[in-house]
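> Input: one structure, supplied below.
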Amino acid sequence: GGLTSTALTGPRGSGKSRLVDEALAARQDLQVVRLQISDTLPLDVFAEINAATAEGRILILEGRRPVDKWFIHDPVPVPMDLTSRLAAAPEITLDRPGTDALLRALRADLDVHGHRLSYQHRNAVAASLPRHFSAPRLFCQALDEAPADRPLADRLEASLARVEEQMTGTLDRGVGRS
């Protein structure tokens with residue numbers, strides 16, 4: 001019975017993994033399998049959907065493109081049963097995070113890394129970060145490595161520049177079928 005498969009879609013950095021991680025942390029009693037569509041063949045997705053249904057597990061299918069665009073370039077025809085099951089699965093679509101969402105993620109990551117920034121500094125950093133949910137984590141890692149003897153403004157600026165450099169390289173290489 002019940003829901004077994006859910007599709008979670010959105011561009012790289014929209015927060016798909018973070019959303020699933022936080023939801024799973026809150027509900028550790030659930031049996032959940034995550035499947036990255038870009039790494040999975042259509043028949044394997046079909047098998048995972050069948051297994052999740054048979055075993056009462058929840059299957060979260062993660063991909064960058066909308067479900068109806070999955071597998072359109074695959075040389076092997078997609079089974080009709082898979083097409084109908086994907087069409088029946090709820091699809092949750094995330095977009096790139098806005099400043100408020102990045103600010104919340106930044107606050108959480110700053111706490112994890114033990115950094116204390118003023119309200120003004122946090123807001124300025126959040127407004128300057130690339131619209132990608134991994135940006136706050138990368139910023140905190142860069143700030144961890146910034147020389148403590150430099151003025152805070154210099155460390156913040158250098159950390160933001162490093163994030164921008166890292167994100168540009170990551171996003172330029174981030175091509176996949178999902």
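FYI, it's all coordinate maths here, none of it is from the lab. Quantities reported herein were computed from a predicted structural model and do not represent experimental measurements. Here the Cβ positions follow ideal geometry from the backbone for every residue, glycine too, while neighbour counts run over all protein chains shown.
> Classify region 1-81 as rounded, prolate or oblate, taking a ≥ b ≥ c as the square roots of the eigenvalues of its Cα gyration tensor: rounded when a/c is under 1.5, otherwise prolate if a/b is larger than b/c and oblate if not.
Oblate, because a/c is 1.5 or more while a/b does not exceed b/c.
> What value, in deg cm²/dmol to 500, does the helix sum -39500 (n - 2.57) over DSSP H runs of n ≥ 4 give at 222 nm once divided by the residues of the chain?
About -16500 deg cm²/dmol.
> Provide the gained length on full extension for the span T53 to N123, in nm with one decimal, where the gain is 0.36 nm per separating residue minus the Cα-Cα distance.
20.7 nm
> Also: Note down the magnitude of the dipole of the chain about its Cα centre, charges +1 on Lys and Arg C-beta and -1 on Asp and Glu C-beta and zero elsewhere, to the nearest 20 debye.
For this selection, approximately 300 debye.
> Report the extension gain between E22 and D95 in nm, rounded to one decimal, defined as 0.36 nm multiplied by the number of residues separating them, less their alpha carbon distance.
Length gained between E22 and D95: 24.5 nm.
> May I pose another question? Distance between the C-alpha centers of region 80-143 and region 18-56? Whole Å please.
After rounding, the separation between the Cα centres reads 22 Å.
> Mean separation of Cα pairs under 8 Å and 6+ residues apart, divided by the residue count of the chain: what relative contact order is that in percent?
Value for the chain: 29 percent.
> With a 10 Å cut-off between alpha carbons and a GNM built on the chain, which of L103, L41, L143 moves the most?
Among L103, L41, L143, the largest mean-square fluctuation in the Gaussian network model of the chain belongs to L41.
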